[in-house]
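Everything below concerns the one structure shown next.
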Amino acid sequence: MMMRPKFIFFLKAVCYLALLVPCALVWPAAADEGMWTFDNPPLKQLKEKYGFEPTKEWLDHVRLASVRFNDGGSGSFVSPRGLVITNHHVAAGQLQKASTPQIDYLKNGFYAKTPAEEIKCPDLELNVLVSYENVTDRIRGAVKAGMSQQDAIAARRAEIARITKESVEATKLRSDVVTLYQGGEYWLYRYKKYTDVRIVAAPEKQAAFFGGDPDNFTYPRYDLDFTLMRVYENNQPIDTSKQYLKWNAKGAGAGELVFVSGHPGRTERLFTVAQLETQRDYQIPATLKNIRRQVAALRGYAASGAEQARQAEELTFGLENSRKAYEGMYEGLLDKNLIAKKQREEDEFRASVQANAEWRQAYGTAWDEIAQAEQRLRETFKTRYYRSVRGYSDLWQLALGIVRYSSEVKKPDAQRLDGYHDAQLESLKFELTSPAPLYPEMDERILAAGFRSSLEELGAEDEFVKLALGGHTPEELARMLTSGAKLTDPAFRKSLVEGGEAAVNASNDPMIAFARKLDPILRRTQKETEALQAPAISGGERIGQARFAVYGKSLYPDATFTLRLSYGTVKSYPMNGTQAPPKTSLYGLYDRALGFDFKPPFDLPARFLERKGRLDLTTPFNFIADTDIIGGNSGSPVINRQAEFVGIVFDGNIESLVGDYVYNGENNRTVAVHSAAIIEALRKLYDAGALADELEGKISRTAIR
């Protein structure tokens, strides 16, 4: 199960305040490799290998039918009336937030037979990329000769804030400046934003995640990992009649060309070797240690009762999923062959730069500067890492967000922290005032585990530990912060946001007071980190420019949770001494369940047993392709040459976990749900024939209600 990007971004941010700045590798992309931006699609490669050259109209249609889930993941429009499909695990957070102790939509599934029954998501924002514009010259022009590295970074950030603010005011669209090629280019992406999103149908979690953790990141698979939602504006479904993907229930056969249009979260394929070594030796080990501690706390909480288990399920699932992914990434970085390959590519690139006097003068020292910065970051890693609140606590995140909002909005826009610029405030306030349920008792366990990790790693005399604990034990402090928490009330949070700094400073809510107390030391640590990072950021931008000088735009940029197009074929691969099948079937689902005597996690929902006789067991279920994807692509549509929907991405195989750093077309595979399986399940298992008709275009638009 691929990690949703917001979740993995959060993990990377909290585990490593010294966020690494990717840099160099520059090797022309191998066949079927790449997560290509829509301004630079792989037209030459597609034409030469497959005799197919997508037109501008084809690309525009696919772009406008593709959807970003702002809480992490991808999706696509699949009917004329605003129907969006994504993964069950992408929608899991919203399914859980809509659930109650009496009704568990995550576990039991859901189907709205009428529009009135559709469930409104409490805090989901969807984005559709409407336009994009190269703003590289303007941002580079903000940096003046003689500026220090830190001043140059500040100048770029200020210009980015100005650009996004101007764009929002002129277009009313969400506007993000995206850094590509490590500062080689900057693009302004404008998105149509939707916040009225309603759940239409979802299978049981056991159907969507059949096989559980043992089967996660493996193949063959048998997962019905999808959810359908509908997008509204002004209380009416939006008109997507010109920008949806037509459903093709036949799917794609072995060897057929397919595409994935989605939002890969983050890759580090362009890191220098020095940066990869920091990941291997510092960042990932610390991340894994923190995940395991948090999972242990959540499992302890879940063991105290059925309702506690329900509350903890989605976060535990996400953390366990991330643990397995990080373990695969870590094993990849421990592979001496991978590091040797990266070193060879870096050496060859540097040699090309050194061979040209002009390039040598402009870019030649960048790698050494980054290596020196990495060494300084490593020396202070432990202190900076643990001088933060280590738990994945919703209450803490809301409190810190509100405290910072109240102080940041008073500043000139260009001087604010990222995330608090004028162009970002609407989305931020949407999150801060979410009506989704919160669970203080669960947060208590999470926070206690995080405080204890800081205490054990830094010691009782550390400045941060003394300030945070204030003489209390981690468990006592966590209990004090969460008992009687007012932040569970959206109206209270809204009053603080609207009341500004005066209201925040006057609040006696323990979590708000705690955020006020810690914010100064957290900001100081952030500034220290940025100072240490400055040489790496500067070096990264120079290497990004060197890439263009040496190779042009024959390469794709690292993933940035922005829309990308990848391509490949439905393709087998060598596995366990044999060959992996290009597809699985419903026959295989029942065979795998029977092989384990229907014991968890290989049990099936009751309807799968009761209605087995209705099913055509030859129906394709899951399939694989050698398309290049990563976490964040979850929910991405798999489409054919006609831009028809043939499947939905939900995972990669175990061999794909090193995809953060390198793509190997021999055995790196996308795992997707087949379009036919979704229709078969809707019609014969879930009594959702009307929904299947809508997907297959068998009813008119006016008949869709």
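We did not get these values from a lab; they are worked out from the coordinates using the rules stated. This is a predicted model, so every value here is computed, not measured. Using ideal geometry, Cβ is built from the backbone for each residue, glycine included, and neighbour counts are taken over all protein chains shown.
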- Rounded to whole Hz, the Karplus (6.51, -1.76, 1.60) HN-Hα couplings of region 83-93, x for glycine and proline: 7, 10, 10, 8, 7, 4, 6, 6, 7, 4, x
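Calculate the dipole size of region 191-337 relative to its Cα centre from +1 charges on Lys and Arg beta carbons and -1 charges on Asp and Glu beta carbons; express the result in debye to the nearest 20.
Rounded to the nearest 20 debye, it is 280 debye.
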- 222 nm mean residue ellipticity, helices alone, for the chain (DSSP H n ≥ 4; -39,500 (n - 2.57); rounded to 500): -14500 deg cm²/dmol
- Query: LYS336: net charge of surrounding residues, Cβ under 13 Å, Lys/Arg +1, Asp/Glu -1, itself excluded?
  - Reply: +1
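Arranged by the count of other C-beta atoms within 10 angstrom, fewest first, what order do LYS612, LYS44 take?
Ordered by Cβ neighbours within 10 Å, fewest first: LYS44, LYS612.
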- Of the convex hull drawn through the C-alpha atoms of region 433-501, the volume per residue in Å³ is 101
- Query: Looking only at Cα atoms, what is the convex hull volume of region 29-141 per residue, in Å³?
  - Reply: 189
- Query: Over the alpha carbons of region 377-535, what is the largest minus smallest coordinate on each principal axis, giving the biggest first in Å?
  - Reply: 42, 39, 25
- Just subtract the alpha-carbon distance of GLN372 and GLU348 from 0.36 nm times their residue separation and send over the number in nm, one decimal. 6.6 nm
- Once the Cβ-Cβ distance between ASN234 and LYS410 is put in as r, and R0 is 45 Å, what FRET efficiency do you end up with, to the nearest 0.05? 0.85
- Message: As an exercise, use a Förster radius of 35 Å and the Cβ-Cβ distance of ASP603 and ASN576 to find the FRET efficiency, rounded to the nearest 0.05.
- Response: 0.90
- Give me the distance between the Cα centres of region 167-215 and region 100-164, rounded to whole Å. 7
- Query: Among ILE699, ILE629, ILE624, which comes first, second and so on when ranked by fewest other beta-carbon atoms within 10 Å?
  - Reply: ILE699, ILE624, ILE629
- Message: So if the hydrodynamic radius of region 622-705 is defined as the Kirkwood radius over C-alpha pairs, what does Stokes-Einstein give as its diffusion coefficient at 10 °C and 1.306 mPa s, in µm² per second?
- Response: 110
- Note on the structure: Taking a ≥ b ≥ c as the square roots of the eigenvalues of the Cα gyration tensor, with a/c under 1.5 meaning rounded and otherwise prolate when a/b exceeds b/c and oblate if not, region 48-88 is prolate
- For region 377-535, with +1 on Lys and Arg beta carbons and -1 on Asp and Glu, the positive-most of SER507, LEU522, LEU455 along the dipole: LEU522
- What dipole magnitude, in Debye to the nearest 20, does region 377-535 give about its Cα centre under +1 on Lys/Arg Cβ and -1 on Asp/Glu Cβ? 240
- Message: Is there a quick way to get the dipole size of the chain? I mean about its Cα centre, with the Cβ of Lys and Arg at +1 and of Asp and Glu at -1; what is the value in debye to the nearest 20?
- Response: 720
- Task: Go through LYS56/LYS553; LYS97/LYS172; LYS49/LYS583 and tell me which ones have a Cα-Cα distance over 21 Å in this structure.
- Result: LYS97/LYS172; LYS49/LYS583
- Query: Taking square-rooted eigenvalues a ≥ b ≥ c of the alpha carbon gyration tensor, is region 516-579 rounded, prolate or oblate, where a/c under 1.5 means rounded and, failing that, a/b exceeding b/c means prolate?
  - Reply: oblate
- For the residues LEU64, LEU589, LEU83, what sequence is obtained by ranking on other C-beta atoms within 10 Å, fewest first? LEU64, LEU83, LEU589
- So what's the gap between the Cα centers of region 353-372 and region 252-285, to the nearest angstrom? 26
- Query: Can you pull the semi-axes for region 92-182, root of five times each eigenvalue of the Cα gyration tensor, sorted largest first, whole Å?
  - Reply: 44, 16, 11
- Find out how many positive minus negative residues lie around ARG524, taking Lys and Arg as positive, Asp and Glu as negative, among other residues whose Cβ is under 12 Å from that of ARG524. 0
- Taking the dipole of the chain about the Cα centre (Lys, Arg +1; Asp, Glu -1; charges at Cβ), the one of GLN308, SER388, SER407 that reaches farthest to the positive side is SER407
- Message: Under the rule a/c < 1.5 gives rounded, and otherwise a/b versus b/c splits prolate from oblate, where does region 214-347 land using the Cα gyration tensor?
- Response: oblate
- Message: Starting from 0.36 nm per residue, how many nanometres of slack lie between THR380 and GLU441 once their C-alpha separation is accounted for?
- Response: 18.6 nm
- Task: Could you calculate the contour length gain from ALA116 to LYS553, that is, 0.36 nm times the residue separation minus the distance between their Cα atoms, to one decimal place in nm?
- Result: 152.4 nm
- Identify, among VAL570, GLN354, ILE238, the residue whose Cα sits farthest towards the positive end of the charge dipole of the chain, taking +1 on the Cβ of Lys and Arg and -1 on the Cβ of Asp and Glu, with the dipole about the Cα centre. ILE238
